[in-house]
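Quick note: the coordinates plus some simple rules give every number you see, no bench work behind them. These figures come from a predicted structure and were not determined experimentally. Note: ideal-geometry Cβ built from the backbone for every residue, glycine included; neighbour counts use all protein chains shown.
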Amino acid sequence: MAAAELARRGHSVLLLEKAVLPRYKTCGGGILNRAFHFLPASAAAVVETSFNYVQLHFHGEGLQFTATRAEPLVRMVMRAELDQLLAREAQAAGARLLDGCPVTAVVPRPDFVELATGQGTFQARFVVAADGAQSLTAKACGWSPLASLAPAIEWELFLPPAEFARFRETARFDFGFIAAGYAWVFPKRNHLSVGILSTVRTPVNLAAHLENYLRSLGIQGWERVEKHGYVIPLEPRREPLARGRVLLAGDAAGLVDPITAEGISHALGSARLAAQAIEDGAPDPSRVARRYQELLETQILGDLRAGRWLAKFIYHHPRLRHWAFRWQGPRLTQFAARVVMGERGYQAAVKNPWSYLKLLGVR
Ligand SMILES: Cc1cc2nc3c(=O)[nH]c(=O)nc-3n(C[C@H](O)[C@H](O)[C@H](O)COP(=O)(O)OP(=O)(O)OC[C@H]3O[C@@H](n4cnc5c(N)ncnc54)[C@H](O)[C@@H]3O)c2cc1C
């Protein structure tokens, strides 16, 4: 996304990707409506399924809520296809793509950044590092490690057609199968992407929890399963997210929604902000860095701070969560739907005293 934005503005852009595209990426592939609007129109071609309604289940609490909208709340993709499409868009805008080309070292110099790769060494005036939660660039440039990495697994399940038909109509999120986390079923065109995550790093057998979840939904007898796991950074890095001529974006910066663990919106959003900061501040690296931090603060970081506060209540105070959803479940579900649609952010809700009064039933 950053490469496309910068190439479109006339910059000379090199896009380096470790894997050969298209490549599998461990991800549910759920594109919330707020993320979809960042994507080019061509992305419609890789949408496998769309859901205008989404179910929230609270297992063991007897609570279930549905959010329904005229426009899809969430669209499902396979990341291999979406990511390749974005790389092609960047190429069409003028960026040069080198895939199968891991960056092996990043050395900041006064006037440029040196990038060593399997296909030679390159010099760049600015680097947007979108190299994921295990970012080599962040390590090489001296950022401290991400504080909160949530383990998550994703299974691609291929069911016989009659079985698949039973589950293909509903995208669902289930709380209560794992402490401080949730599980999901995301139907794709021909299969189900199912997964589970824990927002805490204590050792936990995610596979056993996921099996238990699938059993309880009656999902069984799959013909094939592809099992994947990775980590999701639920807290941004604490230092400023640009240093010298290097800007961190997406998971590399830790820009993931702390409640939903959804990272695509802010990965796309931060990539656009990085491009804008370079456009506004170049050639002066300190102006670029300042501008990036300013843009992130107003558009992403404030909201993530408020989200982390709400996440504590959702994941670490289950009795309080139960009370709130029993009392005001439909209202809270509508709020979640507004966030997903991009109509509302966490920060505005947390700062507004009316939010708390409404939760207590005051009209
Ligand atoms: C199990 C699971 C399920 C998830 N489900 C969802 C979901 O449904 N919806 C959602 O919004 N988010 C989801 N997420 C989070 C989402 O996947 C990430 O937030 C998102 O992919 C971040 O995008 P990114 O571009 O920053 O990083 P990534 O998608 O991780 O991309 C990083 C890229 O950099 C490349 N790279 C890495 N190192 C190098 C190197 N040294 N040299 C060159 N290239 C390199 C990688 O090959 C990769 O292509 C999920 C995450 C997990 C683990």
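Of note:
- Between the amide H of LEU159 and those of LEU192, GLU223, distances stay under 5 Å, these residues lying 5 or more places away or on another chain, with hydrogens modeled in the peptide plane.
- Note on the stretch 18-160: with charges restricted to the Cβ of Lys and Arg (+1) and Asp and Glu (-1), its dipole about the Cα centre is near 280 debye.
- Evaluating 6.51 cos²θ - 1.76 cosθ + 1.60 at θ = phi - 60° for every residue in the stretch 327-332, the Karplus couplings come out as 7, 9, x, x, 5, 5 Hz, glycine and proline recorded as x.
- Between ARG201, ARG237, ARG34, the GNM of the chain built on Cα springs shorter than 10 angstrom shows ARG201 fluctuating the most.
- About its Cα centre, the dipole of the chain is roughly 860 debye, where the only charges are +1 on Lys and Arg Cβ and -1 on Asp and Glu Cβ.
- Alpha-carbon spread of the stretch 266-363, three principal axes, descending order, Å: 55, 25, 22
- Most mobile of GLY28, GLY281, GLY254 in a GNM of the chain (Cα contacts under 10 Å): GLY281
- 12 Å beta-carbon shell around ARG79, net charge (K/R +1, D/E -1): -2
- On full extension, the segment bounded by HIS316 and ALA208 gains 36.7 nm, given 0.36 nm per residue less the C-alpha separation.
- Distance in nm between pseudo-label sites at ARG9 and THR117 (7 Å out along the Cβ direction from Cα): 2.1
- Using only the C-alpha atoms, the convex hull of the chain corresponds to 137 Å³ per residue.
- In this calculation the C-beta distance from SER286 to GLU169 is compared with R0 = 45 Å, giving a FRET efficiency of 0.30.
- Contour excess over end-to-end distance, with Cα ends at GLN91 and ARG326 and 0.36 nm allotted per residue: 79.6 nm
- Counted charge near ARG238, where neighbours are those whose Cβ lies closer than 13 Å (Asp, Glu -1; Lys, Arg +1): +2
- Sequence-distant lysines (8 or more away, or on other chains) whose Cα lies within less than 20 Å of LYS358: LYS312
- Percent RCO, i.e. relative contact order, over the chain, from Cα pairs under 8 Å lying at least 6 residues apart: 19
- Cross-link reach is defined here as a Cα-Cα straight distance under 18 Å, omitting same-chain residues fewer than 8 places apart; for LYS188 the lysines meeting it are LYS25, LYS227.
- Note on THR66 and SER355: the extension gain reaches 102.0 nm, defined as 0.36 nm multiplied by sequence separation minus the Cα-Cα distance.
- HN-Hα J in Hz across the stretch 114-129 - Karplus 6.51, -1.76, 1.60, θ = phi - 60°, x for Gly and Pro: 9, 10, 8, 9, x, 10, x, 10, 10, 10, 10, 6, 9, 10, 9, 8
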